[in-house]
Amino acid sequence: MRRVYSAPGDRIETRRPVTVSRYRGFTRVNHWLAAACTIVLLLSGLAFFSPPLFFLTALFGGGATTRWLHPVIGIVLFFSFLVLFIQLWRLNLPRREDVEWARKTGDVLAGHGKNLPELGKFNAGQKTMFWGMAGLIVALSVSGVMIWEQQIPLWRDHAPVLASIPARRIAVAVHASAAFLMIMLFILHVYAAIWTRGTIRAMTRGTVTGGWAFRHHRKWLRELAGRQGAGPAE
Amino acid sequence: MTERARQPVTAAANPPVSPLDSNLLPSDVVQASAISNTPMPDRLLDSVAKLIDVSKCIGCKACQSACIEWNDTYPEIEENVGVYENPHDLTPDMFTLMRFSEYENPESGDLEWLIRKDGCMHCADPGCLKACPAPGAIVQYSNGIVDFISDNCIGCGYCVTGCPFNIPRISRTAQVSKKCTLCSDRVAVGQGPACAKACPTQAITFGTKESQIALADERIADLKSRGYENAGLYDPQGVGGTHVMYVLHHADQPSLYSGLPDDPRISPVVAGWKGPAKTAGLAMIGLAVAGSVLHGIFAKPNAVSEEEEREAEDLVGDSRKEV
Amino acid sequence: MNIDLSRRSFLKLTGAGVAATSLGAMGFGQAEARVAAHVRGFKLVTTTETRSTCTYCSVACGIILYSKGDLAAGETAELSHVEGDADHPTNRGTLCPKGAALRDYVKAETRLTHPRYRAPGADRFTEISWDEALDKIARAVKEDRDANLIEKNADGVTVNRLTTTGFLAASATTNETAWATWKVVRSLGIVGFDNQARV
Amino acid sequence: MTNSWTDIKNTDLVVIMGGNAAEAHPCGFKWVTEAKHHRGAKLIVVDPRFNRSASVADYYAPIRPGSDIAFLMGVIRWCIENDRVQWDYVRNYTNVSHLVREDFGWADGMFTGYDAEKRSYDQTSWEYQIGEDGFVLTDETLEHPRSVWQLLKQHVEVYTPEFVENTCGTPKDRFLKICEMIGETSAPDKAMTSMYALGWTQHSKGAQNIRGMAMLQLLLGNIGIAGGGMNALRGHSNIQGLTDVGLMSNLVPGYLAMPRETEADFTTYMSTRGNKPLRPNQMSYWQNYGKFMVSFLKALWGDKATAGNGWGYDWLPKLDIVQYDAMRMFDMMKNGKVNTYFFQGFNALLSFPNRAKMTEAFSKLKLMVVMDPLATETASFWENHGIYNDVDSASIQTEVLELPTTCFAEDEGATVNSGRWLQWHWAGATPPGEAKSDVWIMSQIYLRVKKLYEEEGGTAPEPILNLSWDYENPEEPMPSELARELNGRALETLYDPADPTKVVLEAGQQLSGFGQMRDDGSTMGACWIYAGCWTEAGNMMARRDNSDPSGMGIFQNWSFAWPANRRVLYNRASCDPDGRPWDPNRTLIEWNGEKWAGADVPDIAVTAKPREVGPFIMNPEGTGRFFSRRLMRDGPFPTHMEPFESPMANPLNPEMRGNPVARVFADDLEKMATSAEFPFVATSYRLTEHFHFWTKHNRVNSVTQPEFFVEISKELAAEKGITKGTRVRVWSARGEIWAKAVVTKRIQPLICDGKPVHIIGIPIHWGFKGAARKGFGSNTLGPFVGDANIETPEFKAYLVNIELVEGNA
């Protein structure tokens, strides 16, 4: 049976009660790396974004340290997310059922699961988060390197357009705006993970309960069940 | 207790060698970067200005020499690239630079060698200060001097994007932003800037802004009498006026002088994101956090029911037939 | 309070160092910002002033040498800064790009500090003592003079002329040096005597 | 300078030609900007390049290097034709009315008396008609055909605006505009000042360039007045002083002459120096020559100089030729005729033309002694530095001694500025390492040579043994002792000649002026023009009173100006014949009915009555000279001469090459080229960022101008495929150099004789020692020929070729 809704490594671990492996160890570590980077970037970035928050630089050992740390962590995040992206982009491609699900956001919030379509590994919200993050990280990375003062001579030599002051002004504005959106997404992501009970263990233990999978990602569960039913017993 | 230094009124004076109390005090700061509520100082110093009379300037670079010597900087010895500008641009170690342009005046048919001393303009409304995220890294004193306080600078380069005149340069070694201080250390003991003191033809003068405008008026009248009908003062109001001003023969075309901005102002991009957008953004982030918390407290969590667990077992079981 | 107090020494002095540092960690207070806004200390404080004249062109700008140490008081003096003398009627304190950098000339890395000798055919100098150098010169001058001085010309007129040794005088030495030089050079009979007036 | 730097603020028109004051003398140029700002003065710049002075000028005109005489004679012609002449001045204060001998003449660019064999003029005909009373014959109507005025008019007739345009390349409209601006200053209340420097002197006819302007200034009545004058901007801080003190082959301090061997004894020497007045009542101040010379000899030999031995005249070396100037010495050196040579603070390897010849000459020395604060190229001429000094060290047998000296910051004494101010300075730093003062070194050499003569005897030891050296510490005389000698003192009690009971000075007291000098051995003084610099009142050179009550920039109590603390030379000429100032707003001195008085020291006997005594007191005529009698080797009037290497033939005489009386050594003549091979005109100059070869040793100036370059026009660049910042090779018949190219609109091709002339500007400042990048100067390329009168090398106009170099050469 071909995988449509699941990733390699996704499997039903136990059957009574049902637990389903959702993220492999590597992915989980990488996710938390990205999360940690995001938090560092968010805190250090906010310090530069707004004077009342400049005190946050103390967390990193002062303004100058924060200034060099921020872009370095940004690069780590970029690559960390790149791995996630490569792993997950296919499953995050929009499908017809996503439209219906999105239309019924009210039911999602109200907990009327019965009215919602069956979904694969990710719902439309998660997909939006994924593509949003991806886009914003690209925007932040590009604008970020443009305003990375210590690298300016490099751009001046190899990509003078990037080094021009008007371009850098725009980059600063883009960086700030993208960061703002990123923060909003981040809040949503964290909140959704907390509000949707049983979600966080997917990124901690790597597994979810069968009920969680049944409730939120039934097509995914079906596919896994189908694949494992069809295959040899373990 | 030593005597307090006077406020400077000219650059043509000999510096003191006995200790004097500084007369440019932390309490004279009227604006500091990333600090919104700088208290009103108890006194206001006279506004000072450096006037650069381009029509008297011979491009000798004495200002550059004096600047290097006074500030103990070590610019690199570069190569000749076919121009008179050396170094080729402002650097973290070269706070001022003579820029040369050869202009053929279409009206008179004469060649004019327009030479301009480039450097910090000490804007009344400093874009660098506005853009700077590091508290107290850029300060403005009540006499108009905009000074970079390296101890507070984080070397991020936002001042570079904030400056309408392309002045600050980030030191690759010290990782701090550098520019002309208007010799704040000299002004503090009643002296004018080193460049103005040195300038052989007194094309650079220094004093109260009022006195320098009066001097400029005299010079402009002289230039007009010599046929420069558009002679005028460059004190651009787009940045609230500057504490470094030029007398130009062609004040109608400042850009003739190696790209002096015709109408400099803080870029709307910078002004925008450093202004209301920033507050609005922070407010929305706050709202989002608050909304989530409230939703979390008051709304029913999206929890999985026992029934769903069983259905999952069924589903898994169905597909497997046998366990 | 002394004006050359740096921010850090000020903190130390007031005993507020620790407090201010932790204040800094907590966020940047106005007090901290103000302390840091202290301008650079005035670097000429406690230097010794000496009135001098620029050594370059003939405008002869008045300058003030600022030194660490007082030569007049028998101390060694190290030049730390040079600035135009605002009391001087010609330059009124101004200096050209050369004059403004006079310190770097006085303290150039290529200043000579030791007599050096280059032997025939050698590709480098070696250091020698003043005594050796001066004795060598005296001997060379005497030998050449004894051999080549023209005491009398064909008409029997005393001419005391030495053309095989020559002397090119400086352009920036004092009148007093010039006079001492004139006396010594002419007493030897040297006629190939010139200065830098033409180049 | 006849005037002073600060006096320039009094001018109405500044003409910078033959110099570039803004570039080379920025702080002096300040007074030009002052005059412009506060007096509304105008500035004219005439130069091959649109230079830094031109950048702030009111009017600029280009000129082909080496054609200044044509330009200046053209201006004189225009002023005469358009009656822009200050007639009262010209009639009364110049020699226009004097009659010249009938046999004097000028044709084909040459004066009467030329001897091609000797490359010299017989100057007999260049003389006034002398009457039976011994005075010059004059014609006050100026109509006599032999009057200087008529001869002058005749002489300048050829220099029409068209001639000027064709010869100088200066567009006619620009030339005429400048004539008009200059002509305005013929008004008695208008002043023009001429500021010039090596742009005029470094030609084979440099002295005549300057005479051209001096004549123009006389014509306009601008000599002797505030804001006027001929202002030579000396290049070095004390080259004025070194010349005053006579450190030249043919000079004795105070512009007295070294004896020639034709002057066998003191009496013969003095016989031609009587300087009897050529017009009635004139001061002819050189009549006092004997007093100055005897006082000098007393300073030199002390008690050993007596009336009986002609004041020790015999012990002075005597010249057999005009002078053993540096270029002659280097030529002799090259021919193996010099064994030992001293370089005191003089980087000759980079200073004199044809560097290859210099290197060859140095290589023939047995011993080279260099005294310098810095490591110079001269001291290291034997060091191989690739293309920058391509020599074979092993084959050079010269011994070199390099002696470290103190510099200005470490010594004390006086230097003389361009305005003749003797300013005292004090030491402010400890010398580095073992550096020693030049006085110490010279004393050591002297004392050691003297000891050798005392111990071993030798040839003619008298001059050495008899030299006066009675200093407190003979090992290192103090500057104050030497300065007091330069001023002079009474050796016996001096009585007033008018009232023998009145004591003027006690024995041992310092003279208060040269008027106190005697020719009977009762006074001594090394340099008469310095008398008054260190009097009984103390060191006048150290005075620092900067008050200026007249507001004219005179500063009478600031330091000391020679002669007699006079700040404006010939200032008698600032008043009309009756002694009233031409311009009451610029009064230097005036006749108050009894005597001359004013803000400046009068340049005339204070009781000399107006209309009796002329203002040019050093001349026996008492007048300024349009016709210069016998002083100039190349003619009593300036006549246009082409540079030795020129892109065009002399329009006055196509056969004439360069200056017909300039000295050229045979092998140097062979190394002179024509425009066929070397089509472009090179001219050398200073840059404001550097001082000669000194400041390349310091970082700051090396930062502001790091690397050697040449400047060329856009047109020449296009022709040769050169773009800014590329590397070029420039070569002449004598050598080659590599440089970066600065391509500029500030140099324009000029049309001369119908053809475009391209100019290549070559700054002088680089070498192979110091902080700046290694490079060259113009001297590698320049021709080894000097001015006919004073041997200043012709660096300002010679021929080269140029090409683009791919890569880094």
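The values are calculated or read from the model by the stated rules, or taken from the named source; none is laboratory data. As the structure is a computational prediction, the values presented were derived from the model and not from experiment. Because the Cβ atoms are built from the backbone with ideal geometry, glycine has one as well, and the counts that use them run over all protein chains shown.
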With the structure loaded, tell me whether A:Met133 is within 16 Å of A:His189 (Cβ to Cβ), of a type outside the set (Gly, Ala, Ser) and in contact with a His (Cβ under 7 Å, 6 or more places away or on another chain) or whether it fails that test. no
A:Tyr191 meets each of (1) within 8 Å of chain B (Cβ to nearest Cβ); (2) crowded, with 20+ Cβ neighbours inside 10 Å; (3) within 20 Å of the chain's Cα centre (by Cα) with one exception, condition (2)
Can you find even one residue in the stretch B:106-113 that is touching a helix residue (DSSP H, G or I) at 6+ places or on another chain (Cβ under 7 Å) and more than 21 Å from A:Pro153 (Cα to Cα)? yes
Condition set of a type outside the set (A, V, I, L, M, F, W, C) and in a helix (DSSP H, G or I), scope the stretch D:501-528, selection surrounded by the most Cβ atoms within 10 Å (Cβ to Cβ): answer is D:Gln516
Being of a type in the set (Phe, Trp, Tyr), at pLDDT 90 or above and more than 21 Å from the chain's Cα centre (by Cα) narrows A:Phe85, A:Phe49, A:Phe55 down to just A:Phe55
D:Val757 vs. criteria surrounded by fewer than 24 Cβ atoms within 10 Å (Cβ to Cβ), modelled with pLDDT of 95 or more and either within 20 Å of the chain's Cα centre (by Cα) or not polar (S, T, N, Q) (or both): yes
Of everything in the stretch B:253-279 that's more than 9 Å from chain A (Cβ to nearest Cβ) and among the hydrophobic types (A, V, I, L, M, F, W, C), which residue is nearest to A:Gly111 (Cα to Cα)? B:Ala271
Starting from the stretch D:662-681, take each residue that is over 13 Å from D:Val757 (Cα atoms) and list its partners that are of a type in the set (Lys, Arg), counting only C-beta distances under 8 angstrom and pairs at least six apart or across chains. D:Ala662/D:Arg119; D:Ala662/D:Lys205; D:Arg663/D:Arg119; D:Arg663/D:Arg328; D:Val664/D:Arg119; D:Asp668/D:Lys357; D:Lys671/D:Arg734
Can you tell me how many residues within the stretch D:318-365 are farther than 15 Å from D:Ala379 by Cβ, part of a loop (DSSP other than H, G, I, E, B) and without any contact (Cβ under 8 Å) to a residue 60 or more places away in the chain? 7
Does the stretch A:66-76 include one or more residues that are within 19 Å of the chain's Cα centre (by Cα), farther than 21 Å from A:Leu46 by Cα and either among the hydrophobic types (A, V, I, L, M, F, W, C) or assigned to a helix (DSSP H, G or I) (or both)? no
Looking only at the stretch B:315-323, decide whether some residue is on the phi > 0 side of the Ramachandran plot and either loosely packed, with under 13 Cβ neighbours inside 10 Å or part of a helix (DSSP H, G or I) (or both). yes
Residue tally, condition of a type outside the set (S, T, N, Q), over 29 Å from D:Gly229 (Cα atoms) and either at the interface with another protein chain (Cβ under 7 Å from one of its Cβ atoms) or in a loop (DSSP other than H, G, I, E, B) (or both), over the stretch D:389-421: 16
Condition check for D:Glu399: modelled with pLDDT of 95 or more and farther than 20 Å from C:Glu127 by Cα: no
Taking the stretch A:51-84 as the search range and keeping residues that are surrounded by fewer than 19 Cβ atoms within 10 Å (Cβ to Cβ), without any contact (Cβ under 8 Å) to a residue 60 or more places away in the chain and not aliphatic (A, V, I, L, M), which one is nearest to A:Gly144 (Cα to Cα)? A:Phe79
Does any residue of the stretch B:145-164 turn out to be within 30 Å of A:Phe54 (Cβ to Cβ), within 14 Å of chain A (Cβ to nearest Cβ) and over 19 Å from the mean Cα position of the chain (by Cα)? no
If you go through the stretch B:13-23 one residue at a time, do you hit one that is acidic (Asp, Glu), in contact with a strand residue (DSSP E or B) (Cβ under 7 Å, 6 or more places away or on another chain) and outside the structural domain of B:Lys117 (by TED's automatic domain parsing)? yes
Could you check the stretch B:192-208 and list, in sequence order, the residues that are more than 14 Å from chain D (Cβ to nearest Cβ) and under 28 Å from B:Asp89 (Cβ atoms)? B:Gly192, B:Pro193, B:Phe206
Out of the stretch A:197-234, which residues are in contact with a strand residue (DSSP E or B) (Cβ under 7 Å, 6 or more places away or on another chain), free of Cβ contacts under 8 Å to residues at least 60 places away in the same chain and over 16 Å from A:His31 (Cβ atoms)? A:Arg197, A:Gly198
State yes or no: is D:Ile80 assigned to a helix (DSSP H, G or I), surrounded by fewer than 24 Cβ atoms within 10 Å (Cβ to Cβ) and of a type in the set (Val, Ile, Thr)? yes
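A quick yes/no check of all residues on (1) in a helix (DSSP H, G or I); (2) facing chain B (nearest Cβ under 9 Å):
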| site | (1), (2) |
| --- | --- |
| D:Glu23 | yes, yes |
| D:Phe29 | yes, yes |
| D:Ala35 | yes, no |
| D:Leu43 | no, no |
| D:Pro48 | no, no |
| D:Pro65 | no, no |
Among strands (runs of 3 or more DSSP E) lying entirely in the stretch C:48-123, which contain 3 or more residues that are more than 7 Å from chain D (Cβ to nearest Cβ), out of contact with any Pro (no Cβ under 8 Å at 6 or more places or on another chain) and not acidic (Asp, Glu)? C:62-68, C:78-84
Within the group B:Val269, B:Val244, which residue is crowded, with 17+ Cβ neighbours inside 10 Å, closer than 22 Å to A:Val172 by Cβ and not aromatic (Phe, Trp, Tyr)? B:Val269
Matching residues in the stretch B:58-77 - criterion: being under 17 Å from B:Cys120 (Cβ atoms) and not small (Gly, Ala, Ser): B:Cys63, B:Gln64, B:Cys67, B:Ile68, B:Trp70, B:Asn71, B:Thr73, B:Pro75
One residue is enough: does the stretch D:439-447 have a residue meeting the conditions buried (at least 21 other Cβ atoms within 10 Å of the Cβ), facing chain C (nearest Cβ under 7 Å) and in a loop (DSSP other than H, G, I, E, B)? no
Going by the structure shown, is D:Glu383 of a type in the set (D, E, K, R) and touching a Lys or Arg at 6+ places or on another chain (Cβ under 6 Å)? no
Residue count, the stretch B:172-222, condition within 25 Å of B:Ile58 (Cα to Cα) and not in a helix (DSSP H, G or I), comes to 18
Among strands (runs of 3 or more DSSP E) completely within the stretch B:1-106, the ones holding 1 or more residues that are surrounded by fewer than 24 Cβ atoms within 10 Å (Cβ to Cβ) and either of a type in the set (Lys, Arg) or within 26 Å of the chain's Cα centre (by Cα) (or both) are B:29-32, B:97-104
